[in-house]
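J.: Dumping the structure here so I can ask a few things about it.
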Amino acid sequence: MSKEALEKYDFNAISIATLASHSSLQIFRGAKQEGFRTVAIVVENRLWFYKQFKHLIDYFIVLRSWRELCRRDVVEELKKLSAVIVPHGSYVEYVGLECAESIEVPIFGLRKLFRVEADQWAKMKLLQEAGIPTPRLYKVGEEIDRLVIVKLPGAKGGRGYFLAKNSKEVLEGLRKRVEEGLLNSLEEAMIQEYLFGVPAYYHYFYSPVLDRVEMLGADIRYETNIDGLKRLPPKFSIELDLEPTFVVVGNIPLVLRESLLPKVLEYGVRFVEATKRMLPPGAIGPFCLESIIGEDMEIRVFEFSGRIVAGTNIYVNGSPYSYLYWDEPMSTGRRIARELKMAIEKGVLEKVVT
Ligand code: AMP
């Protein structure tokens, strides 16, 4: 579908478009560094903020709500600008799955992956298919024999997640969330064994042009209130009966022990290979594996994102890893633009857009 749109594109004047949110400033800056025009798709009440960065943005497409992205005139405007949409972590959550995957504008990345990402079970299946170690999963109603984390669907930054020790606590928590409107049905929830260790999130980039997986960085998420509980002597959290929550507020840089890197890269490669087998042509561009590393140095992956993650915003001027590949300040945003540029130069744009 994007192929038809591409045929009418001016390859000398491609622009990079994204929703003004999440990691868009990094994406715009990277696009500019590589000589592209940029298009910010922005909702009215955020326009003033993004106008502060006018030097990074050539065109603004102003919407009343994100859901208007698939309106005919908006799509036509994007096509007129020879725009390639870069989907980031909030893209599907903001515009809805239907619009996200059917929009008739070329997308940098694998649009087939959006549907998999929207289904927590399909997501974990893909990781298992890749042979990447994952936590044990439970269905609602199944007997629970250890501490579990219960997750709600969609990228809501951990909102509504909770911990439970048995199936009764799982059911109570889920019913409460249905009442609060955070969940439609109990089955939508994903129940995972709670992994002990430290979190580590790896930022990768698969280049179809160079046919290689690059490790562009790593981060830790700063989550309220689980990270804040460390500041409180345990006696108080017990007395006050405080429940840990997992709402993301920011990201912290991480450099890993070098001896962990071969495994980290191996999992990235396995992930790409699994997407090539199960969702051809396979992953394109940035993706992230989210893990807990246990005291045995075992890396277990509990989640992935098939798009640029907000943790890459730390490395807007390159990371300790991206320097090793590129020897120049290479953010993930810039890496996307570089891939597009290389694909255009080699006449293989269809390898990086779907
Ligand atoms: P997610 O929405 O899957 O990225 O999860 C949000 C946060 O919950 C993560 O950043 C972790 O802090 C925590 N978390 C998620 N899954 C697990 C797990 N299986 N074990 C331990 N912590 C987890």
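The values are calculated or read from the model by the stated rules, or taken from the named source; none is laboratory data. These numbers come from a predicted model, not from an experiment. We place every Cβ from the backbone using ideal geometry, glycine too, and count neighbours over all the protein chains shown. These area figures cover heavy atoms from the full protein model, side chains too; ligands, DNA and RNA do not enter into them. Shrake-Rupley method; radii C 1.70, N 1.55, O 1.52, S 1.80 Å.
J.: For segment 196-231, give me the residue count where each residue is under 20 Å from Lys263 (Cβ atoms), open to solvent by less than 20 Å² (accessible area, probe 1.4 Å) and not aliphatic (A, V, I, L, M).
T.: The total comes to 9.
J.: Can you tell me which of Asn225, Asn166 is away from the ligand (no atom under 16 Å from the Cβ) and of a type outside the set (Asp, Glu)?
T.: Of the residues listed, the single one that is away from the ligand (no atom under 16 Å from the Cβ) and of a type outside the set (Asp, Glu) is Asn166.
J.: Name the residues in segment 230-257 that are within 12 Å of the ligand (Cβ to nearest atom) and over 27 Å from Tyr315 (Cα atoms), would you?
T.: Result: Pro244, single match.
J.: Residues in segment 318-327: is at least one of a type in the set (Phe, Trp, Tyr), surrounded by fewer than 16 Cβ atoms within 10 Å (Cβ to Cβ) and part of a helix (DSSP H, G or I)?
T.: Scanning segment 318-327 turns up at least one residue that is of a type in the set (Phe, Trp, Tyr), surrounded by fewer than 16 Cβ atoms within 10 Å (Cβ to Cβ) and part of a helix (DSSP H, G or I).
J.: When segment 318-344 is examined, which residues are found to be of a type in the set (D, E, K, R) and without any contact (Cβ under 8 Å) to a residue 40 or more places away in the chain?
T.: Passing the criteria: Asp327, Glu328.
J.: Looking only at strands (runs of 3 or more DSSP E) that fall completely inside segment 232-317, which ones have 3 or more residues that are touching a residue at least 12 places away in the same chain (Cβ under 8 Å) and open to solvent by less than 10 Å² (accessible area, probe 1.4 Å)?
T.: 285-293, 299-305
J.: Going by the structure shown, is Lys80 over 17 Å from Ile107 (Cα atoms) and of a type in the set (Lys, Arg)?
T.: no
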